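I have placed the structure first, in the form of structure tokens, so that the comments after it can refer back to it.
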Amino acid sequence: MPLPVAKRALYAIILMLFISPVACSSPAQTATPVPSRVAQADMLPTRTMPPTALSTPSPSPLSIGAMIPTATAAMGTSTRIQMPTFTAIPPASVQLRPEAPVIQGTRPIRVDIALEQLVDLYGVQVRLTFDPSKVQVVDADPSLPDVQISPGPPFRERDRAFVAVNRVDNERGTIDFAVTLLRPARPLVGRAVAASFSLLAKGEGETRIELAQVLLANPQAQPQPVRTEALNIDVRP
């Protein structure tokens, strides 16, 4: 009667072990052979070979670094990433400050374009509007053509500042003024007077001088926020 396939495979393995003792004594042949799928179900349990040093893989330097805590972690310290902080620039204040609350008779009064809370100011550009039927702007430099106003103290020296625009239109009621510092002049911080002008009475009643446009810039030509305040003044011829 033919033997089952599993038993024949088992007998063949036993016979091979007894016939080839030299091959069995070799370390390379001591491992338990892997049975085929057919014989695996009917095989008797075999003794499990003890694990050798090679059965546990040695960790690589990368895995060692991942397993061993660093000195920073062992000391209980942590590394913080310093994020950049941005400080909001406060708005500068631009006001029209008269030397007197009333314009009366033939005596003109001076009005300063006052700047406050400046942060690295390097350039100023302003446009003012007024009622030409109530007041007129007095020419600050009659030796030059047209009508001008006077630059403020920080902008009067020619080797320190450059006046790009200085123009008054007494018919339309406008004042345009633009000035910038020149290198190596230091930027202005805190307070300054951009320019001054004198008003002479022409009509009668209250009138309003507006800061229609204002631009303040730092040395990189970046604008600083501004808040403006108009001027209401009485006129008495």
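Evaluation of VAL138 against the conditions (1) under 22 Å from VAL226 (Cα atoms); (2) surrounded by 13 or more Cβ atoms within 10 Å (Cβ to Cβ) shows that the sole unmet condition is (1). Is it true that PRO91 is surrounded by 12 or more Cβ atoms within 10 Å (Cβ to Cβ), modelled with pLDDT of 95 or more and closer than 25 Å to ILE175 by Cα? Criteria not met by PRO91. From the list PRO187, PRO223, the one residue that fits, being modelled with pLDDT of 95 or more and under 24 Å from ALA92 (Cβ atoms), is PRO187.
The values are calculated or read from the model by the stated rules, or taken from the named source; none is laboratory data. All figures in this text were calculated on a predicted structure; none of them were measured in a lab. When we count neighbours, we look across all protein chains shown, and the Cβ atoms used for this are built from the backbone with ideal geometry, even at glycine.
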